[in-house]
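Have a look at the structure below, then the notes.
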Amino acid sequence: MLILHASELVTLKGPRRARAKAEMSDLSIVQDGAVAISDGVILDVGKTESILREHNSTGIERIDASGKVVMPGLVDPHTHLVYAGSREFELELKAKGKSYMEILEGGGGILRTVRDTRDSSPQDLFRQSAKRLESMLVHGSTTVEAKSGYGLDKDVEIRMLETIKRLDDEYPVSLVPTYLGAHVVPPEFKGDGDAYVDFMVVEVLPEIARRKLAEFCDVFCEKGIFNVQQSRKLLLAAKGFGMGLKVHADEFSNSGGAQLAAEVGAISADHLGKPSDDGIMAMARRDTIGVLLPGTPFSSMSKDYADGRRLIDLGVPIALGTDLNPNCWNESMQFTISLACHKMRMTPAEAITAATINAAAALGLERKVGSIEQGKRADVIMLDIPTYAHIPYKFGTNQVSLVIKDGRSVWER
Ligand SMILES: [Zn+2]
């Protein structure tokens, strides 16, 4: 397959690691660019003229990208894709001034979704999640992380991870599974977070590790949810099983999450609404990736967006994710890029780096996806806009017109 005459071919060619500081502004764009794809892999990248000279045999599928942007498939490194039900009624509560923690303490929030998810059949859970995944693909996401965390007991957590596996098998999106048993303390352990952490360490983690159901283990480290000691205990146990680590860190208050993520060697610390300066510096030193989720304060009607500008300037490599969940039903990385620019003072180029190569690095996939370079997986999208800056600029609609996954055209309009 040849993709020809892209007005901007956004390659993100560069070091195969998360980009930091000024590197985040370098998209390595080829004007009148072309990509040659063979056997699901990127064979060659360059100017249309030179690609045509090298690969001009007959019988090759040609795609004309004139006037369009061609770029790597978007990588969404933080989602709660699998759940049952919805919580649209909370929008009115939020509009009337109730906070996330108040809604949670009133029996809503995560615990409401835990009830709905526990009550759903495996088939229903799969069907509801698949519908979201299809929409994410249509919006250009070709690699998506997905967490458990609405079962909390052993059986339903495992059912959620099995659902992620089945979605990965049956849909043209690569899924990366994360165990997030430590999302909230379940009702059966109410008031005893320590005992619940012991339950996860002794009963659940060994089974998940044995069956290789999760690549990462994540914890909601936040005042009133899991404290630093509890989070550390769980993360170190997961590390012992060879799992990668992630932390929901300092979303609402400085809870020591950023520092903990750096300390235990987590691949990323996510949210970072209110990290301490020490936490930020520790992350910068250890190259811990900051995964920012601007859809969350947007849907929570909060003004507390992470300070993306400052984090980048201090040297933390930044990625972006949708945080798709029943509180923040955001299936679009394009909208997330737009929010990052409008609300976190990231530039369009930085936001695109954060949604591609840096997001891939936040999943340990920087050598396989996240840029258009020879040898990488042919996950490529085409957008019906003349320059990349139109992605954040034209928000609220889908600019993607073609999605290629592993060298196959899987969606177009
Ligand atoms: Zn989350």
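The values are calculated or read from the model by the stated rules, or taken from the named source; none is laboratory data. Bear in mind that the values here come from a model prediction, so they are computed numbers and not experimental data. Ideal geometry is used to build each Cβ from the backbone, glycine not excepted, and the neighbour counts take in all protein chains shown. SASA here: full protein model, heavy atoms, side chains in, ligands and nucleic acids out. Shrake-Rupley method; radii C 1.70, N 1.55, O 1.52, S 1.80 Å.
Report the charge-dipole magnitude of the chain in Debye, nearest 20, computed about the Cα centre from +1 at each Lys and Arg Cβ and -1 at each Asp and Glu Cβ.
In total the dipole reaches around 320 debye.
Express in nm, to one decimal, how much length is gained between Lys212 and Ser135 on full extension, taking 0.36 nm for each residue of separation and deducting their alpha carbon distance.
Length gained, Lys212 through Ser135: 25.0 nm.
Ignoring any ligand, DNA or RNA, what whole percent of the accessible area of the chain comes from carbon and sulfur when the probe is 1.4 angstrom?
So the carbon and sulfur contribution to the accessible surface is 50 percent.
Note down the net charge around Tyr305, summing +1 for each Lys or Arg and -1 for each Asp or Glu among other residues with Cβ under 12 Å from its Cβ.
That works out to +3.
With a point put 7 Å past each Cα toward its Cβ, work out how far Val41 is from Arg16 in nm, to one decimal.
According to this spin-label approximation, the distance is 1.1 nm.
How many percent of DSSP beta bridges within the chain run antiparallel, rounded to 5?
In the chain, DSSP labels about 45 percent of beta bridges as antiparallel.
Set the bar at 30 Å for Cα to Cα. Now go through Lys94/Lys394; Lys147/Lys376; Lys131/Lys394; Lys21/Lys165; Lys47/Lys376 and name every pair that lies beyond it.
Checking Cα-Cα distances, Lys21/Lys165 exceed 30 Å.
What is the distance in Å between the Cα centres of segment 212-255 and segment 63-79?
Taking the Cα centre of each part, segment 212-255 and segment 63-79 sit 32 Å apart.
Say each of Glu92 and Phe395 gets a label point 7 Å from the Cα, pointing the same way as Cα to Cβ; how far apart are those two points in nm?
2.7 nm
I'd like the Karplus ³J(HN,Hα) series for segment 190-207: coefficients 6.51, -1.76, 1.60, θ = phi - 60°, whole numbers in Hz, and an x wherever there's a Gly or Pro.
Residue by residue, segment 190-207 yields 3, x, 9, x, 4, 5, 5, 4, 4, 4, 4, 5, 8, 9, 9, 3, x, 5 Hz.
When the helices in the chain are scored as -39500 (n - 2.57) per DSSP H run of 4 or longer and the sum is shared across all residues, what 222 nm value do you end up with, to the nearest 500 deg cm²/dmol?
Calculated from helices alone, the mean residue ellipticity at 222 nm is -10000 deg cm²/dmol.
Considering the zone a paramagnetic label at Glu23 would reach in this model (a point 7 Å from Cα along the Cα-to-Cβ line), which residues of segment 277-305 have amide N under 20 Å from it?
280-292
How big is the charge dipole of segment 300-341 about its Cα centre, in debye rounded to the nearest 20, if each Lys and Arg gets +1 on its Cβ and each Asp and Glu gets -1 on its Cβ?
I would put it at about 100 debye.
Solvent-accessible area of Glu134, probe 1.4 Å, all protein chains present, reported in Å² to the nearest ten, please.
Roll a 1.4 Å probe over it and Glu134 shows about 90 Å².
For the chain, what is the per residue volume of the convex hull drawn over the alpha-carbon atoms, in cubic angstrom?
Residue-normalised Cα hull volume stands at 124 Å³.
Just the accessible area for Glu145, please: 1.4 Å probe, Å², rounded to the nearest 10?
We get 0 Å² for Glu145.
Counting heavy atoms of the protein chains only and a 1.4 Å probe, report the per residue accessible area for the chain as a whole number of Å².
For the chain, the per-residue accessible area is 39 Å².
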